[in-house]
Amino acid sequence: MTKQEKTEVIGEIAQRFSENKNFYFANASGLSVAEINDFRRICFEKGVEYNVYKNTLIKKALETLDTDYSSFDDTVLKGFTGIIFSKENGNLPAKVIKQFRKAGGGDKPILKGASIDTDLFIGNDQLDALSKLKSKFELIGDVIMLLQSPVKNVISALQSGQNNLAGVLKTLSEREEA
């Protein structure tokens with residue numbers, strides 16, 4: 001690969017990092033070609049993208065970004081490294097990895113590290129926590145439900161008491177007449 005080609009690939013990777021605020025680094029070494037193809041198919045079906053790059057090119061692309069990813073250098077960017085990109089949902093790549101493992105992938109691919117909106121997670125032991133993260137839209141929905149709950153309670157109390165209130169008022173008005 002020429003220096004010009006490397007520069008183009010670094011620019012492409014840096015652009016992908018900028019476009020996708022959620023990305024995971026995974027080690028899929030040891031999987032057969034058929035298993036890698038199955039993993040890529042699951043990624044495609046779920047709307048995430050899996051690509052393999054050289055660690056030196058990934059490091060140089062990360063250096064061009066505003067966020068400090070230097071903690072990935074020593075631990076994450078060693079050996080075989082594939083990147084799973086996700087635009088919207090930060091937990092989707094973790095769910096894809098778990099789904100593939102459950103379908104017969106064993107313990108591969110191994111999660112090396114992840115960046116979720118510039119928050120860094122390092123190590124395969126983070127996979128369960130990452131898969132349980134709620135997406136931005138799920139959190140917004142939870143907040144809206146929490147805000148609506150008291151209002152719904154007041155409205156239902158007023159509506160259920162409507163018949164009782166009308167009956168009480170009717171009884172009181174009849175008493176005054178008598």
Seminar exercise, completed: Of the residues in region 42-72 that are of a type in the set (Lys, Arg) and out of contact with any Leu (no Cβ under 7 Å at 6 or more places or on another chain), the one that is surrounded by the fewest Cβ atoms within 10 Å (Cβ to Cβ) is 54
For this session: Pull up region 78-111, narrow it to residues that are out of contact with any helix residue (DSSP H, G or I) (no Cβ under 7 Å at 6 or more places or on another chain) and under 14 Å from residue 134 (Cα atoms), then point me to the one that is surrounded by the fewest Cβ atoms within 10 Å (Cβ to Cβ).
Result: 88
Problem set entry | Total residues in region 24-75, condition assigned to a helix (DSSP H, G or I) and either of a type outside the set (Asp, Glu) or at positive phi (or both) | 22
Exercise. Can we say residue 75 is over 19 Å from the mean Cα position of the chain (by Cα) and surrounded by 20 or more Cβ atoms within 10 Å (Cβ to Cβ)?
Worked result: no
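Per-residue answers, yes or no, for (1) in a helix (DSSP H, G or I); (2) over 24 Å from residue 41 (Cβ atoms); (3) assigned by TED's automatic domain parsing to the domain that holds residue 44:
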{"position": "104", "(1), (2), (3)": "yes, no, yes"}
{"position": "114", "(1), (2), (3)": "no, no, yes"}
{"position": "121", "(1), (2), (3)": "no, yes, yes"}
{"position": "125", "(1), (2), (3)": "yes, yes, yes"}
{"position": "129", "(1), (2), (3)": "yes, yes, yes"}
{"position": "140", "(1), (2), (3)": "yes, yes, no"}
{"position": "147", "(1), (2), (3)": "yes, yes, no"}
{"position": "151", "(1), (2), (3)": "yes, yes, no"}
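The values are calculated or read from the model by the stated rules, or taken from the named source; none is laboratory data. Here the structure is a predicted model, which is why all the values come from computation and not from measurement. We place every Cβ from the backbone using ideal geometry, glycine too, and count neighbours over all the protein chains shown.
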